[in-house]
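What follows is a set of notes on a single structure, which appears directly below.
None of the figures in this text is laboratory data; all of them are computed from the coordinates on show. As the structure is a computational prediction, the values presented were derived from the model and not from experiment. Ideal geometry is used to build each Cβ from the backbone, glycine not excepted, and the neighbour counts take in all protein chains shown.
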Amino acid sequence: MKTENKLNRRQWLKIGFGATAGAISTKIFGRESIKGECRTTKYESMGPFHPNKNQVDKDFDLTLFNGSKQRAQGEIIYVRGKVTDENCDPIKAAVVMIWQANKYGKYTHEYDTQEAKDDPNFQGWGQLVTNEKGEYGYKTIKPGAYPVNLENNEWRTPHIHFKISKRGYHELITQMYFDGEELNEKDMFASTLSGIEKEQVIRIKTKNAPGIEEAASLFHFDLVLRSVRRESSNESDIDPFVGKYSVNIKIPEFEQELVQFYGGKREKLILTITKENGVLFAEMPIQPKSEIFPKSRDRYIYRAFEADIEFQRNSEDAVKGLIFHRHYEFPKLSAEKIN
C-alpha cells in the first residue's frame, strides 16, 4: 500500500465496516466444558476491513468460496471454542463472526489496496451461531502478517478478528493471535497485552487433533461475554441520547479518510444512536452497528470508531449534539442532533 498522501496505515487499522449472519454444521465442534473462573475476554480494536457487503457464502469453512474447486492457499487451521458468561455457563445462539487476511496478508475487501496477492478461493469472513452447548467452530487458513508502515518497518502480526453478540450480554470485539510469532512482541496491539490477556488471546497450536485432516492444526479459543446488568438508575436516563446525528464531514483530514477508506466523497454522514436491552449502540454507513460503553453521564467510549462520544446539552439540559474525540491525533468531529 502506497503511503504518500494517505493516512498512516496505523490509523486505518482503527476502521471497520458492517455484515450479516449465517449458520454452522455441528461436525466442527468438539470442546469440553470450561472449568474454573471465566474472566471476560479482552476487548480489542475492531481493526480494518470489517465486511461492508453481504455475500451468500459466509459459512464456517473459509477455505472454499462460492463453490471453488481449489482450496485457499496457506496452512489450514481449525478454530474451536465455547462462548460462556462470567459464571462459565454456555451461551446458546450467540452470533460469532470472524474476518481475517489471507495467506499473503490481504483482506478480501474492496478497500484493502495494499500491494499483496489476492486469493479468489478464500472466503475472507464468516458468521455463525453457537450450538446448545455454546460451542462454535471455523475452518480457515492461518492469516499472513501485513505492513503498517513500511518506512518504519512496522507490521501487524498474524491475527483473526472476532465479533460476538447476544441479547442480554455486552458485545465483544477481540482478536486471536498465534503463539510463537516473532511479530507478537512488536505488534501495535499484541505487544501491549498483560500476562492474563496474553493467556486469553494468544493461542497454542495442537497437531494431530482427532476429527480434522492430518495436515491441519487446531486452536482452542474460548470467549467470555459480560452480562448486561440493570443499573440502579432509571434506563430513561439514556433515552435523550437516542436519535440521528448529522456529522460535520467538512474537515480536511476526515474528508481524506472518507475518500481513501470509505469509497469516495459524501455529501452527508448520519450517525444513529439506538437503545436495546438497556444499552446504547452507534451505527454509521461507514461503520457497523456497535455497542458504546458509558464512561460518565454524557461520555461514552465508541471502540469500533476508536473515539469517545461526548454528548452535548443545551441550557435546558436537552441533548443537542455530540463531539467525537478520536483516540489518536485527529481534529475533533462534531455532530448535530436532527431528530
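Results, tabulated for the structure shown:
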item: Net length gained if the chain between residue 329 and residue 244 were fully extended (0.36 nm per residue, minus Cα distance); result: 28.0 nm
item: Within a Gaussian network of the chain (alpha carbon springs, distance under 10 Å), most fluctuating of 296, 227, 45; result: 296
item: Potential extension, residue 40-residue 117 segment - 0.36 nm per residue separation minus Cα distance; result: 24.1 nm
item: Amide H contacts of residue 292 (H built 1.01 Å from N, under 5 Å, at least 5 apart or other chain); result: 280, 281, 282
item: Förster-model FRET efficiency, 41 Å R0, residue 295 and residue 182, C-beta, rounded to 0.05; result: 0.70
item: Whole-Hz ³J(HN,Hα) from phi, Karplus 6.51 cos²θ - 1.76 cosθ + 1.60, for the stretch 243-250, glycine and proline x; result: x, 10, 10, 8, 7, 6, 9, 7
item: FRET efficiency for residue 253 and residue 226, using Cβ-Cβ distance with R0 set to 35 Å, rounded to 0.05; result: 0.55
item: Residues whose placed amide H lies under 5 Å from that of residue 334, excluding near-sequence neighbours; result: 248, 324
item: Cα long-axis angle, helix 252-261 against the chain (0 to 90 degrees, to the nearest 10); result: 30
item: Those aspartates and glutamates that a straight Cα-Cα span of less than 15 Å connects to residue 265, excepting residues fewer than 8 apart in one chain; result: 253, 255, 257
item: Residue 338-residue 314 pseudo-label distance in nm [points 7 Å out on the Cα-to-Cβ vector]; result: 1.8
item: Potential lengthening between residue 194 and residue 66 on full extension [0.36 nm per residue; Cα-Cα distance subtracted]; result: 42.1 nm
item: Dipole moment magnitude, nearest 20 debye, the stretch 9-224 about Cα centre, only Lys, Arg, Asp, Glu C-beta charged; result: 340
item: Cβ-based net charge around residue 303, under 9 Å, with every Lys or Arg adding one and every Asp or Glu removing one; result: -3
item: Descending principal axes extents, the chain, alpha-carbon based, whole Å; result: 68, 51, 39
item: Total lysine pairs under 28 Å (Cα atoms) in the stretch 155-256, excluding pairs fewer than 8 apart on one chain; result: 11
